[in-house]
Structures are given as C-alpha cells and as structure tokens.
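Only one structure is covered here, and it is reproduced in the block below.
The values are calculated or read from the model by the stated rules, or taken from the named source; none is laboratory data. Just so it is clear, the model here is predicted, and its values are computed rather than measured. Methodologically, a virtual Cβ is constructed for each residue, glycine included, from the backbone with ideal geometry; neighbour enumeration extends over all protein chains shown. Areas reflect the complete protein model, heavy atoms only, side chains present, ligands, DNA and RNA absent. Shrake-Rupley method; radii C 1.70, N 1.55, O 1.52, S 1.80 Å.
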Amino acid sequence: MGQGELMGIVGINGAGKSTLLRTLGKVQPKLSGEVFLNGKNIENYNAMALAAEISLVLTEPIASKNMTVEELVALGRQPYTNWIGTLTEDDKSKIKTAIWMLELETLQHKKCYELSDGQLQRAMIARALAQDTDIILLDEPTTHLDLYHKVKILKVLKSIAFETKKTVVFTSHEIEMAIQLCDTMLLLDTTAHAFGQPCELIEQQAFERLFPADTVSFDAKTGSFRIEK
Amino acid sequence: MGKPKSYRLSFIFLFLVLLLCLAVNISFGSVNIPLADTFTSLFGGAIENTSWDYILWNYRIPKAFTAVLVGSGLALSGLLMQTLFRNPLAGPFVLGISSGASLGAALLIMGSSLFSGLSVFGLINDISLAIAASIGSFLVLLAVMIVASRVKDTMALLIIGLMFGSITAAIVSVLSYFTDAEKLQQYVYWSFGSVGNLSWSQLTLLLTIIVIGTLLSVVSIKSLNALLLGENYAQSLGVNLKKSRYTVIISTGLLAGGITAFAGPIAFIGLAVPHLTRQIFNTTEHRILLPAVLIYGAILMLLCDTVAQLPGSANVLPINAITSILGAPVVIWLLVRKRKMVF
C-alpha cells in the first residue's frame, strides 16, 4: 500500500471483507498468515504503539452516546495525551482540524444520540482522523446511508487520503462508487482475489466474476452492474 | 445543547451541601444534644456534659465519617462497574462481592453451629465478622478474576459474577435452613448493614482501603473514558484492555469489599448515585464524574443515616432499608421527569 491512497475492499457478503479489515486492525486474532506494518509484524506492536499507527471506524455502535461530538473526536487524541488525558494546544488544534474537515462545526456540541446515522458516521471518521495515524481502516462506512451521504462519505475519505497523505482502507458494497473513487481495490472472492487499480481490474474482467452471471452482469464501458432479467 | 459548561459552581454547591449534611448528621441522634454544644465540642471547645462529648467523639463523628466513606466508595465502585460493563444496571456488587461477604458472615455466624467442633470461632463480634466478610468477598473476587483471565468477553464476566452470586446465595439459604433462630437473627441483623460501631482504628483502616481504591480508579480515568466507545475502539486507542480491566476490578474489590466487610451489604447507593450524578453532571467525562459521585454518594449516605437514626428516638432503622426507600423513588422520579436514561 502506498501513502495517500484510498483502497476499497469489496466482495459478496461473507467473502471476508470485515474479517480481513478487523485482522489488519488487530481487532480479532488472525486466522492464518502474518500482517506486516512498516516491515514489522503487527503481533509485535503493543496496543499503544499500534494506536499511533492505525485508527479504526468499525460497524459496531459506540457504547455510550451521551457524549458530545467534540468529546468523541477528542477521544481520538488519547494515544498522545498524558496519564489523565489532558488536551494540549496541539491536541486541540488537531481536533479542530478534524471537525472542520468533516464539516461538523455546527454539530460539535450536540450529543451523539441526537445525530443522524450519516452525521454520526462523519463524527466517527473525524475521531479516527484526530488520532492522526498513517493508516485509517473503515469497516463499511457507508451502510445505512442514502446515496447522497454515501457519496459524501467516500469523497471525504478520498480527500483525506489525498490531502493528509494517509492510507485509507475501507470495505464496502458500493462497488460502482469504489471504482470511480478508489486508487486501488481488492476484490475478495471465494477462489481468487484480484488486487489493482480499478481500470486494470476492469480489463482483467475481475468484476464479472464477482457475482453469479445469471443474476447480475458487469458493464465494462460504464463501470456499472446490471440486473439480468 | 449549549456550549460545554464548567461544572465548578456545581462542585462548590455540592461540597457545601456535603458539609451541611455532615453537620446535620452529627447534630441529630438518639440523645438530644443542643446544637450550640455540638459545635463547641466539634471545634475543640469544652462542654459541661462530658457524656455528650463522649457520644460525639466516639459515636457520632466516627459514624458520620463512616457514612461518608461508605457512600463515596460504593458510589465510585458503582460508576466503575457501569462503565466497565457499559450497562446502566451494573452496581458495585455485580461481581459477587457482597454475596461473597454474605457467605463469609453466614459461615461465621451460622456455620459454627453446624460444625460445632469448629467453635474456635465462638467469638462472634464486629471484628471477626469483618474479617470473615472480607475473606468471603476476597475469595469470590479471586474466583471471578481467575475466570476473567479465561474469558475475553466482558459481558460474559457480568453473567459469571451474577452466577457466583446465585451460588453463594444458595449456600446461605441452606445454612439458614439448618441454623437456629438466634443465629439466623444475628445474620439478618448483619445483612441490614450499619455504619455505626466502627472504632477510630477501624475507621483508619477503612479510609486506607478506600483511598487506595480511589487512587486505582483515578489512574484508570483515561481508559474508562475510552471504554465508553466499546472495547474494540478502546483497544484501538491504545488501551491495554486486560490491564485496565484488572485495575478496575481490583479497585472495585477494594472499595466494595472493604465497605461490605465493615458496614455490611449496603444496597442501592452504588447503583443509583452514578445515575443521580449524571442528571446534574450531564457528561461522560470521568474526570468530572469521578469526584462528583464521591461527593454525591457521601451526601446521600449521610442523609439516609440521619433518617435511619430517627432523631429524638432510641430506635435505629436498618440503613439498608432506608437507602432503598429514600433513594429508589428519587431515581424513578428523575427518570420519569426526564423520560430518558442518560448513560
């Protein structure tokens, strides 16, 4: 993975997208193989060291929604604060930047339970951004969102990757959008896994193999799926 | 929601209320001591009636301080458990601490009649009861800790704690079935709880335990805040889950275990105070919540103890009943009025 790249992991339900992402983030134990980060096995990172390298946005809801957006984003600074969690000026400016990038200024004093799904998702991404790690992993950041908010979230991810030179990896079912926005994509399939730039993958006809041909087919010209009647 | 507000004023107010409650608690009791004499004695002056002086310094003041320690400690351990399990119904005793203490006390009081050969324990007094209760709660806590090292899921731990509680309760039932009425009564009296009868040296010991427990939880503030997001997020923020879980459990064990040993299983405070606190301090930040529950718990316990004394009469009601009778309606009223459980 290169710096400043947006990578999408797609595949059918149960292909192992989330499993892969959660293994990369060391949320769950690996099934097999090794994960290397900066040439070092991820198993050899302790929680604190890893927190400075990888931040996460998971599908699970946060346990307490009685905190303000600002407090939520501020929690992203935890790996850098002192033993009792005092925010320095540097921390505060990073939090401000994260809130500004996700356009949450008007919402920052609202409680999380007052937010819509899309707003909460943006707040979670802001928190990951405030953690200021080289890698941000997001598990299905666009589920439960309407088309407009899906596009909005993905475009934000793209701009985060481009402007802050972070590596952003997300899993998604929005294959068509991913093709248009991602720098690289990983297609998880039961047999073969294709990895590359979206246009290369289209040329390799990787998307055709993703779904059974008698239900959906892939149109290489428009980069979209069509339902077989 | 407006801007984040400063809670300094609320803290000053709460602290003044605490001082007031402390004064009220010391001023009232079975024996009528004039207010003026009470305060003269409190501030080191000499009063004519030396038995009043004795009552104040050897009964009421230690009792008031015990109430403060018990209330603060239970409230804090309730907050710790609610955050650790992210469950608003959790309290200081979910890990089976009070049932362990009950088992210890029950074995000492009622078991000695069953195993008459073992009447070495014949001496049943406050101190041996405290020791038995601490051993009981410590053993149950140890069992829970051993299980905790095997299970990854904190929610499973919650259920396991409850199961340990059931087992010990069952053993206590069996014991009470076979014991004689007098011993049973003695056990029931213990289970009512009491903040009186602590000597200054016992009070010092309790204070030490509570201070250590509180320090441990202060150290955990940062991980407690992260745990509010859920364990996976907390870990991704650099929290060492296992270590912080142990720290919180040990802190709760010290607080709730120590208190139960000296004052019996006092219900309700640990569960309710964190909720009452969140009604005023509407925040999830433990740097604010932690001192707030300490003060709040002390206030509530002092109030309950004042009522339990039935000022002016010679009777004393069981403190355990008062905490629930006074506290539960308050919580219900608050929740109905706000129509929302903030957690």
- Query: Taking each residue of A:42-49 in turn, how many C-beta atoms of other protein chains fall within 10 Å of its C-beta, and what is the average?
  - Reply: 2
- If Lys and Arg each add +1 and Asp and Glu each add -1, what is the summed charge of the other residues whose beta carbon sits under 14 Å from the beta carbon of residue B:156? +2
- Item | Tail weight of P(r) past 31 Å, computed on alpha-carbon pairs of chain A, percent | 24 percent
- Item | Accessible area of residue B:174 in the full protein assembly, 1.4 Å probe (Å², nearest 10) | 80 Å²
- Item | Relative contact order of segment A:132-229, pairs being alpha-carbon contacts under 8 Å that are 6 or more residues apart, as % | 19 percent
- Message: Just to make sure I understand: if all protein chains stay in place, what is the order of B:215, B:300, B:89 by accessible area at 1.4 Å, largest first?
- Response: B:89, B:215, B:300
- Task: Please give the residues of segment B:271-301, grouped as numeric ranges, whose backbone N is less than 12 Å from a label point set 7 Å along the Cα-to-Cβ vector of residue B:13.
- Result: B:280-282
- Label zone at residue B:219, where the point sits 7 Å out along the Cα-to-Cβ direction: segment A:68-91 residues whose backbone N lies under 17 Å: A:82-85
- Query: What's the percent breakdown of Cα-Cα distances in the protein assembly as shown across 10 Å bins, shortest bin first?
  - Reply: 3, 15, 22, 20, 15, 11, 7, 4, 1, 0, 0
- Just the accessible area for residue A:109, please: 1.4 Å probe, Å², rounded to the nearest 10? 50 Å²
- Message: Rg and Dmax in Å for segment A:104-229, alpha carbons only: what are they?
- Response: 16.5, 50
- Message: What does the structure give for A:124-131 when I average, per residue, the other chain Cβ atoms found within 10 Å of the residue Cβ?
- Response: 1
- Sequence ranges B:65-71, B:271-277, A:29-35, ranked by mean other-Cβ count within 10 angstrom, highest first: B:65-71, B:271-277, A:29-35
- Query: Rounded to the nearest 0.05, what FRET efficiency do residue A:165 and residue A:46 have when you use their Cβ-Cβ distance and R0 = 22 Å?
  - Reply: 0.30
- Message: Output needed for chain B: three equivalent-ellipsoid semi-axes, defined as square roots of 5 times the C-alpha gyration tensor eigenvalues, in descending order, whole Å.
- Response: 32, 29, 17
- Item | Under 5 Å, built H, 5+ apart or other chain: amide partners of residue A:9 | A:170, A:171, A:172, A:186
- Let me know the mean shielding of B:223-235 by other chains, meaning the per-residue number of their Cβ atoms within 10 Å of its Cβ. 6
- Tally the DSSP beta bridges in the protein assembly as shown and give the antiparallel ones as a percent, rounded to 5. 35 percent
- When the dipole is taken about the Cα centre of the protein assembly as shown, and only Lys, Arg (+1) and Asp, Glu (-1) are charged at their Cβ, what size is it in debye, to the nearest 20? 600 debye
- For residue A:99, the accessible surface traced by a 1.4 Å probe with all protein chains present amounts, in square angstrom to the nearest 10, to 10 Å²
- Message: Please compare each pair in A:40/A:165; A:165/B:243; A:152/B:222; A:17/A:150 to a cut-off of 28 Å on the Cα-Cα distance and tell me which ones are over it.
- Response: A:165/B:243; A:152/B:222
- Measuring from centroid to centroid over Cα atoms, what is the spacing of segment B:1-60 and segment A:111-163 in Å? 53 Å
- Note on the structure: Per DSSP, the loop-located chymotrypsin sites (Phe, Trp or Tyr not before Pro) within segment A:46-138 having at most 16 other beta carbons within 10 Å are A:83
